[in-house]
Amino acid sequence: MAYTEEKELSFILNELGEDRDSYYNCIVPPIMQTTNFAIDTVDELREYFKDDFKTNQLYTRSRNPTVDILRKKLSALDHAEDCLVFNSGAAAILACIMSNVKSGDHIICVKNSYAAASYIVNEWAPRFGISTTIVDGKNIENFQKAIRPETKIIYLESPTSWTFELQDLKAIAELAKAHNILTICDNSYCSPLFQQPLALGIDLSIQSATKYIGGHSDTLGGVVSGKKEQIEHIFHTHFAELGQSIQPFNAWLLLRGLRTINLRMEKSAMVTRKIVTYLKGKERVEKVFFPFDEDYPQIELAKKQMKNACGLLSFQLRTTKEETMEVFSEAFSHIKMAVSWGGYESLILPGCAIKEKSAFDPSDPSQRTFRLYVGIENPDYLIEDFEKAFKQIEKLQ
Ligand SMILES: *Cc1c(COP(=O)(O)O)cnc(C)c1O
């Protein structure tokens, strides 16, 4: 697994891609907030028109020097030949999928994938004559059975971000290669620090940079990394012309976030262990879903392909009433109810909010589920908040 070599990580985060001589030796690179660049000769301009992937000094919708510093670091973290940075994770997912299929093709997608990916494969792609099979990713045979002659993509997310099911990335990559199928994996949960999909044989690794890379809940972003040929293909088909690139200021925020990603992820992972142990000891908690928990059904696979697990988990409450879900959700002082994750702050999200109040069905465990993101706060500060919430539902069924 990568980054046993901490020195390599320090070099990537602190030095790689920086060209301080060209900006007055500033320690921090400037935000090159410009749309366009002055060009000296017609010959140069002609070259750039032929291929805007080759220059970061034509137009910011294609490339920009601030974004390029980030690209170098993110490629190195993934041990990839190249990467592109999008204006959101969802944009990155759309580009990866749509640039590799045409009408008549077939996609295999893992069950319980992130909402944007589910939407793209189930709602968007079919409008263009592309079909999808959703499979339970825990078992490799399900992929084997779903493969057709027209299958072009196997789309993975390991672990998934509500139910935390894992797929055996190495085995699926081998299967796909034998059938000439492209593999894509959403690696937002682990980031390259905790899992390296490309090293396991996956073709394209996606991250929502909004989460651990940004780390401060102040900018969206998305990354796709892989072989240069694939990245160049995505650039020419679904990046530059369709206006998917990140803005220089947002790239700069991601660069700033990236400087401390190792500290934040380690702290978040450490605090999470304490919270998982605490929640498992609570009478009102029926089940905790966390891939690095010793009781987790896929713990062996988790330890095989992941270096660590991050701050995202879910747990089910024992309750028969929707009211209890609401009282619990609203009882916290420190932990905020909000979507997203990967920042400094802990967040909770009740599964019951997906359905109408009147449709609450306690026999459906997903409606009694909370997704919890554990940030980098003091664990006792969070546990005190949980104690308050459990106390509020003490007398409720
Ligand atoms: C948030 C998220 C995305 C989408 O990223 P955005 O930056 O919000 O568009 C994709 N996958 C996972 C697992 C996520 O958590």
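The values are calculated or read from the model by the stated rules, or taken from the named source; none is laboratory data. All values reported here derive from a predicted model rather than from experimental measurement. All Cβ positions, glycine included, derive from the backbone under ideal geometry; neighbour counts span all protein chains shown. Only protein heavy atoms, including side chains, enter the accessible area calculation; ligands, DNA and RNA are left aside. Shrake-Rupley method; radii C 1.70, N 1.55, O 1.52, S 1.80 Å.
Volume per residue of the convex hull around the Cα atoms, evaluated for the range 179-226, comes out as 62 Å³. Ligands, DNA and RNA left out, the 1.4 Å accessible surface of the range 286-397 is 52% carbon and sulfur atoms. Over all other residues within a Cβ to Cβ distance under 13 Å of D218, the charged ones net out to +1, with Lys and Arg as +1 and Asp and Glu as -1. The C-alpha atoms of the chain define a longest principal axis, and helix 379-392 lies at about 50 degrees to it. Taking a ≥ b ≥ c as the square roots of the eigenvalues of the alpha-carbon gyration tensor, the range 205-348 is classed prolate because a/c is 1.5 or more and a/b outweighs b/c. By the Cα gyration tensor, the chain has an equivalent ellipsoid whose semi-axes, rounded to whole angstrom, run 37, 26, 19 from largest to smallest. Angle of helix 248-258 to the longest C-alpha principal axis of the chain, folded into 0 to 90 degrees and rounded to 10: 60°. Contact order, relative form, for the range 330-397: 36 percent (alpha carbon pairs under 8 Å, 6 or more residues apart, mean separation divided by residue count). For the chain, the antiparallel share of DSSP beta bridges with both residues in that region comes to about 55%.
A quarter of the convex hull surface defined by the alpha-carbon atoms of the range 1-100 gives 8.6 nm² as the mean projection. Relative to the longest principal axis of the Cα atoms of the chain, helix 169-178 runs at roughly 50 degrees. Taking 8 Å as the Cα distance limit and 6 or more residues as the minimum spacing, I'd like the relative contact order of the range 103-232 as a percentage. About 19 percent, as a whole number.
Amide H contacts of R63: L58, each under 5 Å away and 5 or more positions distant or on a separate chain (H built 1.01 Å from N in the peptide plane; Pro and chain starts excluded). Note on the range 24-107: dipole from Cβ charges, positive end direction compared against P29, L70, A90; the farthest Cα belongs to A90. Taking θ as phi - 60° and the Karplus parameters 6.51, -1.76 and 1.60, the scalar couplings of the range 304-312 work out to 6, 10, 10, 7, 6, 10, 9, x, 9 Hz in sequence order, x denoting glycine and proline.
If you take all other residues with their beta carbon under 12 Å from the beta carbon of P297, and give Lys and Arg +1 and Asp and Glu -1, the sum is -3. Between the range 265-293 and the range 232-256, the alpha-carbon centres lie 36 Å apart. Here the chain is treated with +1 on each Lys and Arg Cβ and -1 on each Asp and Glu Cβ, and its dipole about the Cα centre works out to around 580 debye.
If you take the square roots of the eigenvalues of the alpha-carbon gyration tensor of the range 334-397 and sort them as a ≥ b ≥ c, do you get rounded (a/c under 1.5), prolate (a/b over b/c) or oblate? Numbers along the way, then the final one.
Details: a/c = 2.95, a/b = 1.44, b/c = 2.04.
Here the range 334-397 falls in the oblate category.
Here the Debye sum runs over all C-alpha atoms of the range 159-270 as equal scatterers in vacuum, and log10 of I(q)/I(0) at q = 0.10, 0.13, 0.15 Å⁻¹ comes out as -0.34, -0.57, -0.75.
Rounded to the nearest 20 debye, what is the charge dipole size of the range 310-397 about its Cα centre when +1 sits on each Lys and Arg Cβ and -1 on each Asp and Glu Cβ? Show your work: numbers first, answer last.
Working: 10 positive and 14 negative charges, 43 e Å.
Result for the range 310-397 is approximately 200 debye, rounded to the nearest 20.
With the cut-off at 1.5 for a/c, could you classify the range 89-238 from its C-alpha gyration tensor as rounded, prolate or oblate? It comes out rounded by the Cα gyration axes. Scanning residues 5 or more positions from D186 or on other chains, those with amide H under 5 Å from its amide H are L156, E157, S158, I206, with H placed 1.01 Å from N in the peptide plane.
Among K280, K177, K357, whose mean-square fluctuation peaks in a Gaussian network model of the chain (Cα, cutoff 10 Å)? Sorting by GNM fluctuation, first place goes to K357.
Express the relative contact order of the chain as a whole percentage, based on alpha carbon pairs under 8 Å and six or more residues apart in sequence. Mind dumping the intermediate values first?
On the way: 749 pairs, mean separation 60.7, N = 397.
Relative contact order of the chain: 15 percent.
Estimated purely from DSSP H runs of n ≥ 4, each contributing -39500 (n - 2.57), the mean residue ellipticity at 222 nm for the chain is -10000 deg cm²/dmol once divided by its residues.
Averaged over its residues, the chain has an accessible area of 45 Å² per residue, based on protein heavy atoms and a 1.4 Å probe.
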